[in-house]
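A quick write-up on the structure given underneath.
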Amino acid sequence: MAQKVAVFRKEHFNAAHRLFCADWSLEENQRVFGACSNPNYHGHNYELVVQVNGYPDAKTGFVINTKDLSKMVQEEIISRFDHKNLNLDTDAFLNLNPTAENIAIVIYNLLRPRISDTLDLKIRLYETERNFVDYPA
Ligand code: NI
């Protein structure tokens, strides 16, 4: 009986964002979102952990080839978000607040089609060392 294994790949990107609700006043936005609502944006050093769960292949011993996984993350995520203003430079967040929660969901949706249906995918995203999210929960 094969045993399920979790494989992790860590990646990194820098990006700027601003959290705000367009129909709220500046004061209301700053009350809810704090420094993350600075009108002229600010940056975060995002740490991304992509987790793939599955059964090791009988021949290769791999759940997934991490070289392929890394390439996939570079193509779909890093090239799209690294050194970008998430609000202004990306389609995904034109009308979606770029919170860690929403960024994790967007990343999941970009990677999911590229990973075999036989494998489970989970995204962990660190916005800061102390604030991070998991999707799916
Ligand atoms: Ni922020």
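The values are calculated or read from the model by the stated rules, or taken from the named source; none is laboratory data. In this text the structure is predicted, and so the values were computed from the model without any measurement. Backbone-built Cβ (ideal geometry, glycine too); neighbour counts: all protein chains shown. Calculation scope for accessible area: heavy atoms of the full protein, side chains included, ligands and nucleic acids excluded. Shrake-Rupley method; radii C 1.70, N 1.55, O 1.52, S 1.80 Å.
Brief remarks on what is shown
- For residue 50, the stated conditions hold: it is of a type in the set (A, V, I, L, M, F, W, C), touching a Phe, Trp or Tyr at 6+ places or on another chain (Cβ under 8 Å) and within 24 Å of residue 116 (Cα to Cα).
- The residues listed here are 18, 31; of these, the one that is within 16 Å of the ligand (Cβ to nearest atom), basic (Lys, Arg) and without any contact (Cβ under 8 Å) to a residue 40 or more places away in the chain is 31.
- The lone exception for residue 18 - which of (1) touching a Pro at 6+ places or on another chain (Cβ under 9 Å); (2) farther than 16 Å from residue 128 by Cα; (3) modelled with pLDDT of 95 or more it fails: (2)
- Residue within the stretch 74-81 that is over 30 Å from residue 3 (Cβ atoms), of a type in the set (D, E, K, R) and surrounded by 14 or more Cβ atoms within 10 Å (Cβ to Cβ) present: yes
- Top-ranked residue of the stretch 88-137 - restricted to ones that are touching a Gly at 6+ places or on another chain (Cβ under 9 Å) and hydroxyl-bearing (Ser, Thr, Tyr), ranked as farthest from the ligand (Cβ to nearest atom): 118
- Verdict on residue 29 being assigned to a strand (DSSP E or B) and modelled with pLDDT of 95 or more: no
- Any hit, the stretch 84-103, residues being touching a Lys or Arg at 6+ places or on another chain (Cβ under 7 Å) and closer than 28 Å to residue 35 by Cα: yes
- All conditions in (1) surrounded by 15 or more Cβ atoms within 10 Å (Cβ to Cβ); (2) touching a residue at least 40 places away in the same chain (Cβ under 8 Å) hold for residue 135, with the sole exception of (2).
- Residue that is on the phi > 0 side of the Ramachandran plot and not aromatic (Phe, Trp, Tyr), where the choices are 44, 12, 83: 83
- Restricting attention to the stretch 37-66, the residues being within 16 Å of the ligand (Cβ to nearest atom), open to solvent by less than 20 Å² (accessible area, probe 1.4 Å) and of a type outside the set (S, T, N, Q) number 2.
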